[in-house]
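Reviewing the structure listed below.
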Amino acid sequence: MIVLGIDPGYDRLGLAIVKQEAGQQELLHSDCFVTDKKTIFSERLLAIGEEVEKVIKDWEPEMVAMEKLFFTVNQKTAMNVAEARGVITYLSAKHGLKLSEYTPLEIKTCITGYGSADKKQMIEMIPKLIKIKKIIKHDDEYDAIGVALTHLARAPLSALSTFK
């Protein structure tokens, strides 16, 4: 199974392609796509859509796993992230990919065993779970890898629950 993990955002978008075969996970690709802050918002959304679609076409994932929106104090930021998530949701449907979503609590619990883990704990734990062959500069990329790993850990559970 090949999963596209996404940490959604309109400023920075974390992307990760993780393959699971015979119970082993392999990181095939990861990136942090950054949009230009000087560009108008609609063009930033277009750039996000083009990048996500390029990753879908290049890597042909079978599933998309995305972090659920966590509302912060800044509602404008939350609304803009929601719009970026809409682009990703659309592209998942357009390409016939099932989309699963996970809360930050679910991801932290799956990766570290502790739902209140901080960024540092997540960044320390992810390389212990999957081999990373490059230097990662942005935590959004780690988050995307974490989302994909969470999906792979939970996918068998969600598949079983659909047959009940």
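The values are calculated or read from the model by the stated rules, or taken from the named source; none is laboratory data. All figures in this text were calculated on a predicted structure; none of them were measured in a lab. Neighbour counts are summed over all protein chains in view; Cβ atoms, including those assigned to glycine, are modelled from backbone coordinates with ideal geometry.
Of all residues in segment 94-120, those that are without any contact (Cβ under 8 Å) to a residue 12 or more places away in the chain and either in contact with a Lys or Arg (Cβ under 8 Å, 6 or more places away or on another chain) or of a type outside the set (D, E, K, R) (or both) total 8. For segment 14-24, a tally of residues being crowded, with 18+ Cβ neighbours inside 10 Å and out of contact with any helix residue (DSSP H, G or I) (no Cβ under 6 Å at 6 or more places or on another chain) returns 1.
For segment 109-123, the set of residues classified as small (G, A, S) and loosely packed, with under 12 Cβ neighbours inside 10 Å consists of G113, S116, listed by residue number.
If the requirement is being touching a Leu at 6+ places or on another chain (Cβ under 6 Å), of a type in the set (V, I, T) and either more than 14 Å from L149 (Cα to Cα) or modelled with pLDDT under 95 (or both), which of these qualifies: V52, V64?
On the way: V64 fails: either more than 14 Å from L149 (Cα to Cα) or modelled with pLDDT under 95 (or both).
Only one candidate qualifies: V52.
Being surrounded by fewer than 24 Cβ atoms within 10 Å (Cβ to Cβ) and out of contact with any strand residue (DSSP E or B) (no Cβ under 6 Å at 6 or more places or on another chain) is the filter; apply it to segment 143-155 and report the residue that is farthest from T109 (Cα to Cα). Once the filter is applied, the top-ranked residue is A155.
The set of residues in segment 127-138 being free of Cβ contacts under 8 Å to residues at least 24 places away in the same chain and either assigned to a helix (DSSP H, G or I) or over 24 Å from D11 (Cα atoms) (or both) consists of P127, K128. Condition check for L69 on (1) under 20 Å from H151 (Cβ atoms); (2) surrounded by fewer than 20 Cβ atoms within 10 Å (Cβ to Cβ); (3) in contact with a strand residue (DSSP E or B) (Cβ under 7 Å, 6 or more places away or on another chain): one failure, at (3).
Residue-level analysis places E21 outside the set of residues that are at pLDDT 95 or above and of a type in the set (D, E).
Restricting attention to segment 137-164, the residues that are in contact with a Phe, Trp or Tyr (Cβ under 8 Å, 6 or more places away or on another chain) and at pLDDT below 95 add up to 1. Contact map, segment 2-15: residues that are without any contact (Cβ under 8 Å) to a residue 40 or more places away in the chain paired with residues that are of a type in the set (V, I, T) and not in a strand (DSSP E or B), Cβ distance under 8 Å, separation 6+ or inter-chain. Pairs shown: D11/T35.
The sole residue among L105, L69 that is modelled with pLDDT under 95, of a type in the set (A, V, I, L, M) and touching a helix residue (DSSP H, G or I) at 6+ places or on another chain (Cβ under 9 Å) is L69. Looking only at residues in segment 1-13 that are of a type in the set (V, I, T) and buried (at least 24 other Cβ atoms within 10 Å of the Cβ), the one that is farthest from N80 (Cα to Cα) is V3. In segment 53-61, is there at least one residue being charged (D, E, K, R) and at positive phi? Among the residues of segment 53-61, at least one is charged (D, E, K, R) and at positive phi, which makes the answer yes.
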